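Peer 1: Sharing a structure here in C-alpha cells format.
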Amino acid sequence: MLTPRDLDARLHAFIGRLPTTPADRWLRRLSTAANHGRLWLGLAVLLGIRKGPLRRGAIRGVGSMWVSSALVNVVLKRIFGRVRPDLANLRTERTLRRSPVTLSFPSGHSSSAAAFVAGVAMESPLAGAALAPVALGVGYSRVHVGVHYPGDVLAGLAVGGGIAAVSQHWWRVRPKEPARVRTSYEAPALPEGEGLVVAVNPRSGPEDYDPAEDIRRILPRAEVLEMSEDVGVAELLGEAARSGRARALGVAGGDGSVAAAAAIALEHGLPLAVIAAGTLNHFARDVGLETPQDTADAVVAGQAVRVDVAEVNGTPFLNTASIGGYPEMVRRRDHLSGRMGKWMALTVAAAQVLRRQTPVSMTVNGKPLKVWILFIGNGCYTPRGLAPAWRPRLEDGLLDVQYLRADVRFSRSRAVLGALLGISDRGSAYAEFQAEEVRVVSHSGLKQVAYDGEMGEKATEFVFTKRELLTVYCCRTD
C-alpha cells in the first residue's frame, strides 16, 4: 500500500520525466523571481500606488507573507526535517543555478505566495483572483525545477493561506456592505441637482483633485460654493437655507465638514447630500457612498436614508468623540499605517501616545474613573478595543463608550501588548458600555473634546446625547 510519502515521491518523479518544453525556462525564472519574496514585494509596490482596497491588500499580503515565512523557515522546517529531493537525474535545463540547502517541508516559496495573494484577495477579490495563477505557478515551479515534492508545495500553500486568514484577528477586513440604516422616502428628487446647494472644502482630499469641478460636471444645476479661510460650511449653507433657495444641502469635504453641514441640515429640516471628497470619508463609507457619482445618483432619484446624530454639549457629531489621547493615537496610526500596516501602526501609535499621556480623573455617568483614553461612538463600533473602525448599524440609538483604565497596574504596557496581539478588548484595563446619554465630569481640570477629526472647546463637564435623525441622500435597498 502506497504511503503519502511514496505517492509524493512518485509524483515528483513523474513531473521530472516530463519532456523538455520552452516552459522550462520560464518556470525556472518564475521560481527564481520569487526568491526572498522579491516578486511579491514588487507587486505590493505596484498595488500600493492606488489607495483603497489594493493598498490595504498589499499591506495585508506583505504582513502575512513575513509571518508565514518566519513560521515555515524558523519553526516548521525544523520540526519536520524533510530533506530536499535528489536532483541527480533532473535535466540540466531545469535545474537552478543555486540549489537550496535548507530543509524541504513545507515549501517557503509556496507559503509566501499563498499568504500574499490570499491577503490581497481578502481586501480585493478581483486582484486576488488575477494573482492566484501566479501563486500557483510559483508553487508548481518549485516541483518542476526539482527542489520540492508536491506535498511540500501543498503544505506551504495551506500554511500561507491560513496565516492570511488569521490576520483578521489583528486587522479586520472592512465589510463590503454599508451599515444598516432606516430607510426614508422624504428626500426630494433633484434633476441634475436643481435646488441643491453644496459647500466644497477645496483643501480636502488628494491635491490633484478638484471636487467642485467634479460636482459641477455630474450635477450641473447644483449651486456649488467653495469654502475659504473666512467663510466655512456653517456660513455658506446657513445662508442658503435661510434664504429658502435650497431644497437640500450638500457638502464635499472631510468628516469635520460633514458634521458641520449636518448641524445646519438638522436646524432647517433639510436632507443632506454627502460627497466623498475627504481623505478618509469615514461617515460616507459607512453610509455606502464611495464616490461622488453614488451621491449624484441618489440626489437625482430622491433616495435617502435616516441615520443617528450624536452631540456633545450641543455640538453634533456623526462618527466619534473622545477625551484623552485617542485623537493623537488615531492620527499617528493613520500616518504610520501606509508603511507598516494598521495593526503594527496601531501598536506603535499606542506606545508613543500612552508613554507621554497623563491619566484623566473623571466621573462617567456617576462612576469615578481614572482613564488614559475615553472613546464615545455615535453607534456601536467594531472591532472592539483600541481600533474601532466601522459600525454595523447607523440607527441603533446608542452611544458606544469604550475606555482604557489608568488605575490598573501596568495598564499602558498591557494596552500596547494587547494591541500587538489583537486582544486589546480582553484585558482588565479595557472597559465598555452603551447608553443613550453619557455625562462626563473631569476632575483633572479643563479637558478638550475631539469629534469627527475636529477639536472642540475645553470644559470640565460634557454631556453626550442623541439628536433627531438626519436624512442623507443614498441609494439603498434595505
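Peer 1: Can you find a residue that is of a type in the set (A, V, I, L, M, F, W, C), surrounded by fewer than 20 Cβ atoms within 10 Å (Cβ to Cβ) and within 14 Å of ALA58 (Cα to Cα) anywhere in region 134-144?
Peer 2: no
Peer 1: Could you check how many residues of region 264-286 are in a helix (DSSP H, G or I) and either in contact with a Lys or Arg (Cβ under 8 Å, 6 or more places away or on another chain) or surrounded by fewer than 23 Cβ atoms within 10 Å (Cβ to Cβ) (or both)?
Peer 2: Matching residues across region 264-286 total 6.
Peer 1: Taking into account only those residues within region 217-233 that are hydrophobic (A, V, I, L, M, F, W, C) and farther than 16 Å from GLY193 by Cβ, which is surrounded by the most Cβ atoms within 10 Å (Cβ to Cβ)? Explain how you work it out, then say what you get.
Peer 2: Applying the first criterion (hydrophobic (A, V, I, L, M, F, W, C)) to region 217-233 yields 218-219, 222, 224-225, 227, 231, 233.
Cutting the leftovers down to farther than 16 Å from GLY193 by Cβ gives us 227, 231, 233.
Values: MET227: 22, VAL231: 13, VAL233: 24.
Across region 217-233, the extreme among qualifying residues is VAL233.
Peer 1: Across region 25-52, which residue is surrounded by the most Cβ atoms within 10 Å (Cβ to Cβ) among those that are part of a helix (DSSP H, G or I) and β-branched (Val, Ile, Thr)? Spell out the reasoning first.
Peer 2: Let us first name the residues in region 25-52 that are part of a helix (DSSP H, G or I), namely 25-33, 35-48.
Applying the additional criterion that residues be β-branched (Val, Ile, Thr) yields 32, 45.
Numbers: THR32: 15, VAL45: 11.
My answer is THR32.
Peer 1: In this structure, does GLY37 turn out to be farther than 14 Å from SER124 by Cβ and either at pLDDT 85 or above or of a type in the set (D, E, K, R) (or both)?
Peer 2: Yes, satisfied.
Peer 1: Inspect region 296-309 for any residue being without any contact (Cβ under 8 Å) to a residue 40 or more places away in the chain and part of a helix (DSSP H, G or I) and give the result as yes or no.
Peer 2: no
Peer 1: Restricting the search to region 445-465, which residues are within 29 Å of the chain's Cα centre (by Cα) and at pLDDT 90 or above?
Peer 2: PHE464, THR465 - these are the residues of region 445-465 that are within 29 Å of the chain's Cα centre (by Cα) and at pLDDT 90 or above.
Peer 1: Across region 313-337, what is the number of residues that are of a type in the set (A, V, I, L, M), surrounded by fewer than 23 Cβ atoms within 10 Å (Cβ to Cβ) and modelled with pLDDT of 90 or more?
Peer 2: So the count comes out to 0.
Peer 1: Is it fair to say ALA252 is in contact with a Ser or Thr (Cβ under 7 Å, 6 or more places away or on another chain) and surrounded by 24 or more Cβ atoms within 10 Å (Cβ to Cβ)? First the steps, then the outcome.
Peer 2: Numbers: in contact with a Ser or Thr (Cβ under 7 Å, 6 or more places away or on another chain): no; surrounded by 24 or more Cβ atoms within 10 Å (Cβ to Cβ): yes.
When the stated conditions are applied, ALA252 does not pass them.
Peer 1: Further question: Between SER424, SER442, SER411, SER428, which is modelled with pLDDT of 85 or more and either closer than 30 Å to ALA276 by Cα or of a type in the set (Ser, Thr, Tyr) (or both)?
Peer 2: Numbers: SER424 fails: modelled with pLDDT of 85 or more; SER411 fails: modelled with pLDDT of 85 or more; SER428 fails: modelled with pLDDT of 85 or more.
Selected residue: SER442, the only one of SER424, SER442, SER411, SER428 that is modelled with pLDDT of 85 or more and either closer than 30 Å to ALA276 by Cα or of a type in the set (Ser, Thr, Tyr) (or both).
Peer 1: Picking from LEU7, LEU46, which residue would you name as being at pLDDT 85 or above and of a type in the set (A, V, I, L, M)?
Peer 2: LEU46
Peer 1: OK, next. Here are some conditions: (1) crowded, with 19+ Cβ neighbours inside 10 Å; (2) at pLDDT below 80. ALA13 meets all but one. Which one does it not meet?
Peer 2: (1)
Here's the yes/no breakdown for (1) buried (at least 20 other Cβ atoms within 10 Å of the Cβ); (2) at pLDDT 80 or above:
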position	(1), (2)
LEU54	no, yes
ALA58	yes, yes
VAL62	yes, yes
SER69	yes, yes
VAL75	no, yes
ARG84	no, yes
ASN89	no, no
THR92	no, no
ARG98	no, no
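Peer 1: Right, another one. Counting only residues that are at pLDDT below 90 and either buried (at least 20 other Cβ atoms within 10 Å of the Cβ) or under 25 Å from THR465 (Cα atoms) (or both), how many does region 288-303 have?
Peer 2: Summing the residues that are at pLDDT below 90 and either buried (at least 20 other Cβ atoms within 10 Å of the Cβ) or under 25 Å from THR465 (Cα atoms) (or both) in region 288-303 gives 3.
Peer 1: Please determine, by comparing only the residues of region 394-408 that are of a type in the set (D, E, K, R) and at pLDDT below 85, which one is nearest to the chain's Cα centre (by Cα).
Peer 2: Step by step, filter region 394-408, then rank; the result is ARG405.
Peer 1: Return yes or no: is LEU18 assigned to a loop (DSSP other than H, G, I, E, B), assigned by TED's automatic domain parsing to the domain that holds LEU136 and among the aliphatic types (A, V, I, L, M)?
Peer 2: Judged against the criteria, LEU18 is a match.
The values are calculated or read from the model by the stated rules, or taken from the named source; none is laboratory data. Predicted, not measured: the structure shown is a model, and the values here were computed from it. Neighbour counts are summed over all protein chains in view; Cβ atoms, including those assigned to glycine, are modelled from backbone coordinates with ideal geometry.
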